[in-house]
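Here, each number is a calculation from the coordinates, and none is a lab measurement. Note that the structure is a prediction, hence the values are computed from the model and not measured. Because the Cβ atoms are built from the backbone with ideal geometry, glycine has one as well, and the counts that use them run over all protein chains shown.
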Amino acid sequence: MQMDETHARWKGGSATDRLFIIAVIVKGIDGVLGMAGGLLLHFADPRTLGWLIDILTMHELSRHPGNAIALAVTHFVEGLDVSKLAFASGYLFVHGAIKLFIFVMLLIGRHWSYPVGIAFLGIFVAYTGYRLSVHWSWFLLGFIVFDMVTIYLVAREWREQRRLWGTRAAAGAPAR
């Protein structure tokens, strides 16, 4: 897989090219972490997770019994069962794999990956927006903002690539 010489690049590229590359790499890393989390959940036992969360939050809750994050995590784990773990595992793994694949294709400049990446991110922005409407979270808002910036950068790169593909076609060069 060879990168197109006109594709966004770090060396000799603009600041926006660099932001595009950084955003795509962060999304790719997020995909790898999602896959790893999915695999970990696949092999996890709800009791073991409960024990681990208890150990990880014990010190914080002994010092600050009202810590909202520690309480939310412990409450979440108490409600887990095998079917919820299986769904979460599958969701994380498949979501991570799709994200990693799309963003690798974006990095190497495959034509089809731009609209697919924008659609994929758009679906997750919509879903995260729905989740935000149900339960407000600055953390979720941060994800939405980052994904929207990434959509903008992917759309900008796609627009630039389409302009260059049109120039190549007019010159008689083969399209990629």
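R159 to L56: FRET efficiency via 1/(1 + (r/R0)^6), r the Cβ-Cβ distance, R0 45 Å, to the nearest 0.05? Intermediate values should be presented prior to the final figure.
On the way: r = 46 Å, r/R0 = 1.01.
That gives a FRET efficiency of 0.50.
Test of understanding: what is the full-extension gain from V134 to W112, defined as 0.36 nm times their sequence separation minus their Cα-Cα distance? Intermediate values should be presented prior to the final figure.
Details: separation 22, 0.36 × 22 = 7.92 nm, distance 3.37 nm.
In short, 4.5 nm is gained.
Explain nothing, just the number: dipole magnitude of region 15-166 about its Cα centre with +1 on each Lys and Arg Cβ and -1 on each Asp and Glu Cβ, in debye rounded to the nearest 20.
The dipole of region 15-166 has a size of about 580 debye.
Relative to the longest principal axis of the chain, what angle (0 to 90°, nearest 10) does the C-alpha long axis of helix 138-171 take?
In the chain, helix 138-171 runs at an angle near 20 degrees to the longest axis.
Picking from L80, M105, L41, whose Cα lies most toward the positive end of the charge dipole for the chain (charges on Cβ: Lys, Arg +1; Asp, Glu -1)?
Towards the positive end, the residue furthest out is M105.
Please work out the FRET efficiency for the pair A36 and T167, using the Cβ-Cβ distance as r and a Förster radius of 41 Å; give the result to the nearest 0.05.
Values: r = 42 Å, r/R0 = 1.01.
About 0.50, to the nearest 0.05.
Where the Cα atoms of region 43-85 are projected onto their three principal axes, how long is each span, largest first, in whole Å?
If we take the Cα atoms of region 43-85, the spans are 33, 15, 10 Å.
Calculate for the chain the 222 nm mean residue ellipticity that helices alone would give, adding -39,500 (n - 2.57) per DSSP H run of length 4 or more and normalising by residue count, nearest 500 deg cm²/dmol. Numbers along the way, then the final one.
Details: 6 runs with 140 residues, N = 176.
Result for the chain, helices only: -28000 deg cm²/dmol.
How do F20, F146, F76 rank when sorted from fewest to most other Cβ atoms within 10 Å of their own Cβ? Display every interim value, and only then the final one.
Details: F20 25, F146 16, F76 12.
Lowest count first: F76, F146, F20.
Report the full-extension gain for the segment E78 to A97: residue separation times 0.36 nm, less the Cα-Cα distance, to one decimal in nm.
Values: separation 19, 0.36 × 19 = 6.84 nm, distance 2.82 nm.
Length gained, E78 through A97: 4.0 nm.
Give me the angle, in degrees from 0 to 90, between the Cα long axis of helix 82-108 and the longest principal axis of the Cα atoms of the chain, rounded to the nearest 10.
That helix lies at roughly 20 degrees to the long axis.
Any idea what the relative contact order of region 22-176 is, in percent, if you count C-alpha pairs under 8 Å spaced at least 6 apart? Mind showing how you got there, number by number?
Details: 124 pairs, mean separation 43.5, N = 155.
Relative contact order comes out at 28 percent.
For the chain, what are Rg and Dmax over the alpha carbons, in angstrom?
Computed over the Cα atoms of the chain, radius of gyration and Dmax are 20.6, 71 Å.
Based on other C-beta atoms within 10 Å, arrange S89, S113 from fewest to most.
Numbers: S89 18, S113 21.
Sorted ascending by nearby Cβ count, the order is S89, S113.
Between the helical axis of 46-63 and the dominant principal axis of the chain, each derived from Cα atoms, what acute angle in degrees is found, rounded to the nearest 10?
Its long axis makes an angle of about 80 degrees.
Take the Cβ-Cβ distance between T48 and I69 as r, set R0 to 25 Å, and report the resulting FRET efficiency rounded to the nearest 0.05.
Details: r = 21 Å, r/R0 = 0.84.
For R0 = 25 Å, the calculated efficiency reads 0.75.
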